[in-house]
Amino acid sequence: MRGFKILITGPTGQVAAPLAKALAADNEVWGIARFSDPTARADLESAGIRCETVNLASGDFTALPSDFDYVLNLAVAKSGRWHKDLAANAESVGLLMAHCADARAFLHCSSAAVYDPPDDEPRTEDTALGDNHKSLFPTYSISKIAGEVVARTMARALGVPTIIARLNVPYGDNGGWPFYQMEMMLAGMPIPVPPGGPARYNPIHEDDVIATLPRMLDAASVPATTVNWCGDQTVSLQDWCSYIGELVGREPEFQESDQALRGGPTDVTRMHELVGGTTVDWRDGIRRMVTTFHPELVGG
């Protein structure tokens, strides 16, 4: 992608930050957030990203231009307060799409947390939805589902080509869920796991997020397209934590809990049809992540 004007929401986030920096090399990239951390803002600006302070929950985009080629909605709120999280994760989607109604494509980043089938088979895009993350984040799954509905509605109402991409455990040199589990291991804390068998997911490395983005945008349509955004490999939480333990010299302690999230493997069939597969092997990606944060431990 070269020469485009791109708006990214939540550019200080774990997924959005490396994506914004990669795009800024060859495009005019704008980032909007509250920017409560001036260091994070300065880091983005040093990469050539134009940062504007906007509170998504307020829905006021009047200070922004509207002539963006592409809009990437990667912001997320997990405050646990229903009014705030519905405003930030759902209402703001429609207001932003209305503001940027002439965009070539709108990418709404959702999550595999919207799935809640009764079994542990890989979730297709047509699998049952539900309140999957209620035990940890009481507003998250429902507000993400609401955000998808708003995106689909506005795509039809405004004619904005839209793609809804459901991420499944994004991680990389900027962190992610495996990073927090690594830090728990190093602190001697047990890692919660659901009762029963291994909790399986399809983690996706930030390099693959960046690499698949152009074709994701090409797949945007009216009505909106919905697709899983995930790694090709299905890996259990127990396996990646055990591998992290090998790298840092710690044995993970797993603790069964009814409050732990169930596994959430996702089907890659539609993603392969629309954007192709992923290339970063999960072991290589995990090793890179661990080396980034704890080079002194890897191989020790």
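A few points about this structure:
- Flag if Asp116 is of a type in the set (Asp, Glu) and under 20 Å from Ser257 (Cβ atoms): yes
- Sole residue being modelled with pLDDT under 95, closer than 22 Å to Ala105 by Cα and crowded, with 17+ Cβ neighbours inside 10 Å, chosen from Ala88, Ala63: Ala88
The rows are residues; the columns are (1) farther than 23 Å from Gly231 by Cβ; (2) assigned to a loop (DSSP other than H, G, I, E, B); (3) not assigned by TED's automatic domain parsing to the domain that holds Pro194.
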residue	(1), (2), (3)
Ala63	yes, yes, yes
Ala77	yes, yes, yes
Phe106	yes, no, yes
Cys109	no, no, yes
Pro118	yes, yes, yes
Glu121	no, yes, yes
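- Residues being over 18 Å from Arg156 (Cβ atoms), small (Gly, Ala, Ser) and assigned to a loop (DSSP other than H, G, I, E, B) - total across the stretch 79-104: 2
This table checks each residue for (1) on the phi > 0 side of the Ramachandran plot; (2) among the polar types (S, T, N, Q); (3) not assigned by TED's automatic domain parsing to the domain that holds Leu158.
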| position | (1), (2), (3) |
| --- | --- |
| Pro194 | no, no, yes |
| Asp208 | no, no, no |
| Thr212 | no, yes, no |
| Met216 | no, no, no |
| Trp240 | no, no, yes |
| Glu253 | no, no, yes |
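- Looking only at the stretch 67-84, and only at residues there that are of a type in the set (D, E, K, R) and modelled with pLDDT of 95 or more, the one that is nearest to Leu107 (Cα to Cα): Asp69
- Every residue from the stretch 117-139 that is crowded, with 18+ Cβ neighbours inside 10 Å, in contact with a strand residue (DSSP E or B) (Cβ under 9 Å, 6 or more places away or on another chain) and at pLDDT below 95: Asn132, His133
- Boolean, Arg250 is surrounded by 14 or more Cβ atoms within 10 Å (Cβ to Cβ) and either more than 17 Å from Leu167 (Cα to Cα) or touching a Gly at 6+ places or on another chain (Cβ under 6 Å) (or both): yes
- In the stretch 32-60, the qualifying residues are those that are in a strand (DSSP E or B) and in contact (Cβ under 8 Å) with a residue 24 or more places away in the chain, and the one that is nearest to Ala105 (Cα to Cα) is Ile32.
- Leu56 modelled with pLDDT of 95 or more, surrounded by 13 or more Cβ atoms within 10 Å (Cβ to Cβ) and not polar (S, T, N, Q): no
- Among residues of the stretch 156-202 being among the hydrophobic types (A, V, I, L, M, F, W, C) and part of a strand (DSSP E or B), the one that is surrounded by the most Cβ atoms within 10 Å (Cβ to Cβ) is Ala165.
- Test: residue in the stretch 36-44 that is exposed (fewer than 14 other Cβ atoms within 10 Å of the Cβ), of a type in the set (D, E, K, R), in contact with a Ser or Thr (Cβ under 9 Å, 6 or more places away or on another chain) and assigned by TED's automatic domain parsing to the domain that holds Gly147: yes
The values are calculated or read from the model by the stated rules, or taken from the named source; none is laboratory data. On a predicted model such as this, the values are computed, not experimentally measured, just so you know. Neighbour counts are summed over all protein chains in view; Cβ atoms, including those assigned to glycine, are modelled from backbone coordinates with ideal geometry.
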